[in-house]
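Visitor: Mind having a look at this structure? Questions to follow.
The values are calculated or read from the model by the stated rules, or taken from the named source; none is laboratory data. Because the structure is predicted, anything quoted here is derived from the model rather than measured. Here the Cβ positions follow ideal geometry from the backbone for every residue, glycine too, while neighbour counts run over all protein chains shown.
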Amino acid sequence: MNTYVLLAAAVLAVLALSRVVKYLKGRRGRSLAEVAARASVELEEYGPELKLLEATGLPFFVDGRSAVGKFLFRLPEQDGAKSYYFDYSCLLGSGDGQRKRQATVALFDFSKGAFPDFHLSADGDIQEASGLEPVEMAPFKGLPPGVKLYGRDQAALLKLFTPEIAACFGEHPGWSAQGAGRYLVMYKGCSLLSPGKYGQFMAEAEKLAFNLA
């Protein structure tokens, strides 16, 4: 087999791979559009705006770079809160330690919210959470095993994570969250959610968020 044949085969392989990737992206968009139609909510290809995300002050959105939000469900305001569900990706670290983080997230903007700065980690990993320190977990009874809290004011966190709130997270394990002022972001693991699980994801996120607020 000569060099030209090998080169042609390599080019065809690259083109085929790019078509598959493009198809998968399109399939996710179509699947999420069906979810949005069933929920009578408009699906936006991109968003929320990066200025909005950075203005939250949440480390989840501030600590990364080259951030992109896609497939946005922007829900109508409810009980003084705006909610956004979307795929989010960014780059963390640098050099050999650089990595990509992507997850489907729920972002809430409570007009009268006053969250203390905190990071609730489902697996105990703080990842990137600027300036937050580990909190003694003994007083926070009822949270799922392995959960860790990070923040600046333990007294404020004790008022926020009451036994009732801890029990609610115990009933719905796997959730991580960050709060700051009027904003709250929630996610389950660092992965993109299957469209088939979107309904349950939104229902659980809303329940936990409104209980916290």
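Conditions tested, residue by residue: (1) in contact with a Leu (Cβ under 8 Å, 6 or more places away or on another chain); (2) in the same structural domain as ASP109 (by TED's automatic domain parsing); (3) farther than 30 Å from LEU32 by Cβ.
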| residue | (1), (2), (3) |
| --- | --- |
| GLY131 | no, yes, yes |
| VAL135 | yes, yes, yes |
| GLY146 | no, yes, yes |
| LEU157 | yes, yes, yes |
| TRP175 | yes, yes, no |
| LEU192 | no, yes, no |
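Visitor: What's the total number of residues in the range 58-109 that are over 17 Å from TYR187 (Cα atoms) and either among the basic types (Lys, Arg) or in contact (Cβ under 8 Å) with a residue 60 or more places away in the chain (or both)?
Guide: The qualifying residues number 4.
Visitor: Could you list, in sequence order, all residues of the range 58-82 that are exposed (fewer than 15 other Cβ atoms within 10 Å of the Cβ) and either of a type in the set (S, T, N, Q) or part of a loop (DSSP other than H, G, I, E, B) (or both)?
Guide: The answer is SER66, GLN78, ASP79, GLY80.
Visitor: Separate question: Could you run through the range 198-211 and say how many residues are farther than 15 Å from VAL105 by Cβ, out of contact with any helix residue (DSSP H, G or I) (no Cβ under 6 Å at 6 or more places or on another chain) and in contact (Cβ under 8 Å) with a residue 40 or more places away in the chain?
Guide: Here the count works out to 2.
Visitor: Cβ-Cβ distance below 7 Å, separation of 6 or more or different chains: which pairs start in the range 143-169 with a residue that is within 11 Å of PHE118 (Cα to Cα) and end on one that is among the charged types (D, E, K, R) and surrounded by 15 or more Cβ atoms within 10 Å (Cβ to Cβ)?
Guide: Cβ pairs passing all conditions: GLY151/ASP117; ARG152/ASP117.
Visitor: Suppose we filter the range 140-182 for residues that are more than 28 Å from LEU52 (Cα to Cα), more than 22 Å from the chain's Cα centre (by Cα) and hydrophobic (A, V, I, L, M, F, W, C); how many remain?
Guide: 3
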